[in-house]
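Enquirer: This is the structure I have questions about; it appears just below.
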Amino acid sequence: MGLDPGSRATGYGIVRESSGQAELVATGVIRTPAGKDMGTRLGVIYARLAELITAHGPAEAAIENVFVSKNPSSALKLGQARGAAMAACATHGLSVAEYEPSKVKKNLVGVGGAPKDQVAFMVARSLGIKKPDWPEDASDALAVAICHLNERRMRRLIDG
């Protein structure tokens with residue numbers, strides 16, 4: 001399960017590996033209620049992710065690390081959303097791997113500074129989907145999930 005956390009929109013992407021190929025299980029965006037207090041919004045993220053974990057039973061999770069923001073308030077809200085997502089995973093026994101956005105981009109595209117449209121293209125290509133119709137937050141979450149699958153494959157090769 002890959003996660004792209006945000007206080008207003010948290011993307012999720014669930015993939016599985018089948019015969020060495022990434023395969024889409026589910027993807028979407030958890031939207032929190034506008035105008036509600038932060039505690040309510042974090043509760044929505046936690047509860048919805050808990051439902052998804054129960055429904056799909058992923059073995060592991062991966063999440064994008066917080067990027068440095070010019071706006072401290074935005075960075076704090078992003079960190080809180082990340083915490084709610086990580087807590088949902090932890091309470092369901094999932095280990096959570098963390099990846100820098102540049103690592104995810106480099107893993108999928110080969111360039112750490114790749115634009116989002118290139119990453120989205122490679123996500124669709126990796127999953128064998130010709131015309132994806134998912135939102136950007138979902139695409140970003142799928143990128144994190146695919147990056148994690150690739151990293152797991154590499155660790156298995158290295159560890160023998």
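The values are calculated or read from the model by the stated rules, or taken from the named source; none is laboratory data. As the structure is a computational prediction, the values presented were derived from the model and not from experiment. Neighbour counts run over all protein chains shown; Cβ positions are idealised from the backbone, glycine included. Note: areas computed on protein heavy atoms with side chains; ligands, DNA, RNA excluded. Shrake-Rupley method; radii C 1.70, N 1.55, O 1.52, S 1.80 Å.
Enquirer: Inspect the range 45-60 for any residue being in a strand (DSSP E or B) and within 13 Å of the chain's Cα centre (by Cα) and give the result as yes or no.
Expert: Yes, because at least one residue in the range 45-60 is in a strand (DSSP E or B) and within 13 Å of the chain's Cα centre (by Cα).
Enquirer: Of the residues in the range 61-72, how many are in a loop (DSSP other than H, G, I, E, B) and of a type outside the set (D, E, K, R)? Before you say what the answer is, go through the steps one by one.
Expert: Our first condition is that a residue be in a loop (DSSP other than H, G, I, E, B); within the range 61-72, this holds for 65-71.
If we keep only those that are of a type outside the set (D, E, K, R) as well, we get 65-69, 71.
Qualifying residue count for the region: 6.
Enquirer: When you go through (1) without any contact (Cβ under 8 Å) to a residue 40 or more places away in the chain; (2) under 18 Å from ARG41 (Cα atoms); (3) touching a Leu at 6+ places or on another chain (Cβ under 9 Å) one by one for LEU76, which number turns out not to apply?
Expert: Against the list (1) without any contact (Cβ under 8 Å) to a residue 40 or more places away in the chain; (2) under 18 Å from ARG41 (Cα atoms); (3) touching a Leu at 6+ places or on another chain (Cβ under 9 Å), LEU76 comes up short only on (3).
Enquirer: Looking for something at pLDDT 95 or above and surrounded by 14 or more Cβ atoms within 10 Å (Cβ to Cβ) - is there at least one such residue anywhere in the range 63-72?
Expert: Checking the range 63-72: at least one residue is at pLDDT 95 or above and surrounded by 14 or more Cβ atoms within 10 Å (Cβ to Cβ).
Enquirer: Working carefully through the options GLY6, GLY35, GLY11, find the one that is crowded, with 20+ Cβ neighbours inside 10 Å and assigned to a loop (DSSP other than H, G, I, E, B).
Expert: Sole residue among the options that is crowded, with 20+ Cβ neighbours inside 10 Å and assigned to a loop (DSSP other than H, G, I, E, B): GLY6.
Enquirer: In addition: Could you count how many residues in the range 73-99 are surrounded by fewer than 14 Cβ atoms within 10 Å (Cβ to Cβ) and assigned to a loop (DSSP other than H, G, I, E, B)?
Expert: 1
Enquirer: While we're looking at this one, here's another question. Any idea which of SER95, SER139 is under 28 Å from ASP37 (Cα atoms), in contact with a strand residue (DSSP E or B) (Cβ under 8 Å, 6 or more places away or on another chain), modelled with pLDDT of 95 or more and polar (S, T, N, Q)?
Expert: SER139
Enquirer: Just the residues that are farther than 20 Å from ARG125 by Cβ and in contact with a Lys or Arg (Cβ under 9 Å, 6 or more places away or on another chain), please, taken from the range 13-38.
Expert: ILE30, ARG31, THR32, PRO33, ALA34, MET38
Enquirer: Do we find that ASP133 is open to solvent by 40 Å² or more (accessible area, probe 1.4 Å), in a helix (DSSP H, G or I) and of a type in the set (Asp, Glu) in this structure?
Expert: Judged against the criteria, ASP133 is not a match.
Enquirer: Can you tell me which residue among ALA9, ALA87, ALA34 is out of contact with any helix residue (DSSP H, G or I) (no Cβ under 7 Å at 6 or more places or on another chain) and aliphatic (A, V, I, L, M)?
Expert: When all the criteria are applied, what remains is ALA34.
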